[in-house]
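Novice: I have a structure here, written as structure tokens, and I will follow up with some questions on it.
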Amino acid sequence: MSIFAAFVKGLGKTREAFTRRVETLFNRGQADAEFFDELEEILITADIGVDFAMKAIARIKEEIKNKDISGTGEIKELLKSIILEALGPEEDIRFAPNPPTVILVLGVNGVGKTTTIGKLAYLLKKEKGKKVLLGAGDTFRAAAVEQLSEWARRGGADIVAHQTGGDPGSVIFDAISAAVSRGT
């Protein structure tokens, strides 16, 4: 199985588990305090974010007050629309007319940035035919450079990395300079 196929399969399992929990909750039929507590837990454990979960639930409660919404089926549709609204329209990556196209990935520790970068590199290289160069800007996390180097190897991407503890800005500068000079 390819890396990308494994990624899609893993996301499928996550989606199925989330969907199963949501369906079980919404099939109970009653939107009481316990319902909203459990919905909050489902959203937060799905890594949607505490702030978003709280705002979504507050909006649902507000909509229930202002409109004639009583059943959990209507609440489920409202939740879907809130999530889709927050995600915004789906967009393709807009590649620069002249390379390089720079994709900056940011996030808190432990959310899968390095793995996502590796899988994105694979997708861009193998399925889109792009030249890919990764900049190992996470210079402080133990084994971060090694992990990204392995993803680069698997995906057939080049990598620019400095020693652990180095200046992340220097890595990114060197990576962009290398991409420009290589036409990546």
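The values are calculated or read from the model by the stated rules, or taken from the named source; none is laboratory data. Because the structure is a prediction, the values reported are computed rather than measured. With ideal geometry, Cβ positions are generated from the backbone for all residues, glycine too; neighbour counts draw on all protein chains shown.
Novice: Name the residue, out of LEU124, LEU148, LEU134, that is under 30 Å from ILE44 (Cα atoms) and either in contact with an Asp or Glu (Cβ under 6 Å, 6 or more places away or on another chain) or surrounded by 17 or more Cβ atoms within 10 Å (Cβ to Cβ) (or both).
Specialist: Within the list LEU124, LEU148, LEU134, the selection yields LEU148.
Novice: While we're here: Let me spell it out: the conditions are (1) farther than 30 Å from LEU124 by Cβ; (2) touching a helix residue (DSSP H, G or I) at 6+ places or on another chain (Cβ under 8 Å), and GLU62 meets all of them except one. Which number is the exception?
Specialist: With (1) farther than 30 Å from LEU124 by Cβ; (2) touching a helix residue (DSSP H, G or I) at 6+ places or on another chain (Cβ under 8 Å) applied to GLU62, the lone miss is (2).
Novice: Right, something else. Which is part of a strand (DSSP E or B) and buried (at least 16 other Cβ atoms within 10 Å of the Cβ), of ILE172, ILE159, ILE176?
Specialist: Just a single option satisfies the conditions, and that option is ILE159.
Novice: Now a separate question. Would you please list the contacts, defined by Cβ atoms under 6 Å and residues six or more apart or on different chains, that run from a residue in region 15-29 that is closer than 19 Å to ILE44 by Cβ to a residue that is of a type in the set (Asp, Glu)?
Specialist: As it stands, the answer is LEU25/GLU38, since those pairs meet every condition given.
Novice: Answer yes or no as to whether GLU127 is out of contact with any Pro (no Cβ under 8 Å at 6 or more places or on another chain) and either at pLDDT 90 or above or among the small types (Gly, Ala, Ser) (or both).
Specialist: Criteria not met by GLU127.
Novice: Then there's this: Specify the residue that is farthest from the chain's Cα centre (by Cα); the eligible residues are those in region 20-34 that are buried (at least 16 other Cβ atoms within 10 Å of the Cβ) and closer than 12 Å to LYS76 by Cα.
Specialist: Filtering first and then ranking leaves ALA31.
Novice: On the basis of being within 15 Å of the chain's Cα centre (by Cα) and without any contact (Cβ under 8 Å) to a residue 24 or more places away in the chain, does ILE44 make the cut?
Specialist: It is true that ILE44 is within 15 Å of the chain's Cα centre (by Cα) and without any contact (Cβ under 8 Å) to a residue 24 or more places away in the chain.
Novice: Quick one: ARG153 ticks every box in (1) in contact (Cβ under 8 Å) with a residue 60 or more places away in the chain; (2) more than 16 Å from the chain's Cα centre (by Cα); (3) loosely packed, with under 15 Cβ neighbours inside 10 Å except a single one, so which number is it?
Specialist: Failed condition: (1).
Novice: Quick one: LYS119 ticks every box in (1) touching a strand residue (DSSP E or B) at 6+ places or on another chain (Cβ under 9 Å); (2) in contact (Cβ under 8 Å) with a residue 12 or more places away in the chain except a single one, so which number is it?
Specialist: (1)
Novice: Of the residues in region 69-104, how many are of a type in the set (Lys, Arg) and farther than 25 Å from GLY49 by Cβ?
Specialist: 1
Novice: Further question: Consider only pairs whose beta carbons are under 9 Å apart and that are at least six residues apart or on different chains; among these, list those whose first residue lies in region 57-74 and is assigned by TED's automatic domain parsing to the domain that holds PHE36 and whose second residue is among the aromatic types (Phe, Trp, Tyr).
Specialist: Within 9 Å, the pairs are ILE57/PHE36; ILE60/PHE36; LYS61/PHE36; THR72/PHE26; THR72/PHE35; GLY73/PHE26.
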